[in-house]
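Since every read-out is calculated from the coordinates, none of them should be taken as a lab result. Worth saying up front: this structure is predicted, and the values here are computed from it rather than measured. Note that we place each Cβ from the backbone using ideal geometry, even for glycine, and neighbour counts take in every protein chain shown.
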Amino acid sequence: MTPVANLNAGGPGVPESMGKGDARVTARQLPVTLISGFLGSGKTTLLEHILKSKDHGLRIAVIVNDMSSINIDAALIQQHTVSQSKEKLIQLQNGCICCTLRGDLLEELVRLARTDAVQYVVIESTGISEPMQVAETFTTEFSAAMLEQGGAAGLEGSAILQEVTDMGGLHKVARLDTTVSVLDAFNIFHNFSTSEFLSDRYGSENIIPEDERTITDLMVDQIEFADVIIVNKIDLVDAPTKSRILSLVRNLNPSARVIEAKYSKVDVQHIINTDLFSFEKAVTGAGWLRSLHELTQREIGGKAVMAPKPETEEYGISSFVYRARKPFHPKRLFNLIHDKFVVLQNAGNADDESQAEDDSDTDSVMDTDLTEEATDSPISSDIDMEDNLDQKDFAREIDPAEILKNKKASLAFRGLLRSKGFFWLATRSNQHGEWSQAGAILTLQGGGPWFASIDRDSWPEDRDVVRAIEADFSGKWGDRRIELVMIGEDLDQEAISDVLDKALLTAPEMRRWERVMGNKNYTVEQAEDTLCQIFEDGFEEWGTIVTEDESEGDHNNHRH
Ligand SMILES: Nc1nc2c(ncn2[C@@H]2O[C@H](COP(=O)(O)OP(=O)(O)OP(=O)(O)O)[C@@H](O)[C@H]2O)c(=O)[nH]1
């Protein structure tokens, strides 16, 4: 790395104190801008633009994955510094596949922070990384967890990890200032209508087998997480498409600064030293999801509905919240979604063995004598027989091309680009399900417990939080409910609500559900077993409930 002359005194990188006598103490926090974006979206073009720009007046160190891709001329090197690092996919214990910064990058950041040579760092992350996971690298918890698992994960540079942990985490020496996502305007809508996995597009040599992420999911992550979104290659789309894109991006991330660009030419002041990044904001989920709690009453289609404050309803992009205080019938939900979405279950927690066990468990439940509740009246009388599917149908595989066709042909779902929230399944009365759909891919997995199903002693202590929880309670079943935010183009709210309503328990089924849940002779397990016999449930097991404490820092577990 080349130290550079002409220090710009007084910039953000100037150390407050260099911790005399102890090389490990570093008082300054080196500000960092993290650039994400799909391959070919214009990240390298942006880096070159930043390096050439005189507007920031800073000496910047750029950390890239592939040095050959950046066209660095001698003049740029003189003013700045470029180093290379590789990100590496590792599997964390919680099953999450994280594209994280390797030890050598940590080392590089610590080293840069200790010198006066640079005042700012820009990291170009690979096209396949989720910015949230790179951002997590800047937390104390991450350094500690990585240190513990360093050996197993094959992580190099554990000496520096130890040092970073001792210092209290990377954030003591480096500060994430801004996260930027570069979007390729030409491809954005295409990326919403594909069922491709990353490995389909980028090949198995670049993507490890455990990586089950899809193109659409990754793009949505990159949009929803960013402080600044650069809609690049705007020259390649016509004016109406540009308006649709900007409207979609604003709906997906209302709090981001959205900038249109050609060849990534943006005012660098908008992406350097903005102080926009907040880890707290990032972990509480996408802006539009937070807006669940900032609802306004609006009139849509002649009906008064609660919906998030719309950023725009222009250009046909809009959003609304689907809500229900009844659970889904598992099989009817499955019938509704299985041929219109590629349904991924327990993403990142793939455990085929436990699934095999679960299957045998289900069989044994079916073989045992029905419990008292289940036998005291004919089960089928409450169920619409037309909806009955064989157990094996839950495992029916449909060609993704057919799924895409079906989704396009579905009045309810054809315009749906993104939906997210939580749901209540009749057979899983103590745990909420997490729903996240992006384009053709719908990911379903188990979340935390319903607060109504746990002792108040186990609730968070913070009064405001308790008040918020209580505000979600309604009637006998507490906070059990369905809340799904839908974002899309020319959304037919009535059609969506109608098909989802039809997947809920009917009134007689609900009475039956309530009888089982109200039966004091049942343990929790017996009640669930009984419900499983009444309402066929072939979805994969959700596994044990993750409590709020355990899931801290787990970006997938946005409860509110
Ligand atoms: N038409 C057009 N082309 C652009 C624009 N921005 C970048 N490009 C071109 O798109 C191609 C990819 O740009 P890069 O900057 O290399 O993209 P990247 O995101 O760094 O790509 P990877 O390094 O592969 O991840 C290059 O040929 C650029 O010249 C733009 O705004 N309009």
Sorted by chain and then number, the residues having a modelled amide H within less than 5 Å of the amide H of LEU344, at least 5 places away or on another chain, are LEU442, THR443, LEU444
Tell me, what ³J(HN,Hα) does each residue in region 528-534 have, in order and in whole Hz, if you take phi through Karplus 6.51 cos²θ - 1.76 cosθ + 1.60 with θ = phi - 60° and put x for Gly and Pro?
5, 4, 5, 4, 5, 7, 7
Step through the residues of region 470-481 one at a time and calculate ³J(HN,Hα) from phi using the Karplus curve (6.51 cos²θ - 1.76 cosθ + 1.60, θ = phi - 60°), rounding each to whole Hz and writing x for Gly and Pro.
5, 5, 7, 7, 8, x, 5, 9, x, 8, 5, 5
Set the Förster distance to 51 Å, then compute FRET efficiency between ASP166 and ASP455 from the Cβ-Cβ distance, nearest 0.05.
0.85
Of the listed pairs LYS233/LYS407; LYS43/LYS233; LYS407/LYS502; LYS476/LYS520, those with alpha carbons more than 20 Å apart are LYS233/LYS407
Please list, in chain and number order, the residues 5+ apart from GLU260 or on another chain whose amide H is under 5 Å from its amide H, with Hs placed from the backbone.
VAL231
Low-density loop trypsin sites (Lys or Arg not before Pro), region 417-511, at most 11 other Cβ within 10 Å, DSSP non-H/G/I/E/B, are LYS476
Taking placed amide H atoms and a strict 5 Å upper bound, the residues 5 or more places from THR214 or on another chain that come that close are LEU198
Roughly speaking, what is the stretch gain from THR506 to ASP462, that is 0.36 nm per residue apart minus the C-alpha to C-alpha distance, in nm to one decimal?
12.1 nm
Tell me, what HN-Hα J-couplings in whole Hz come from the Karplus equation 6.51 cos²θ - 1.76 cosθ + 1.60 at θ = phi - 60° for each residue of region 430-437, using x for Gly and Pro?
10, 9, 8, x, 9, 10, 9, 10
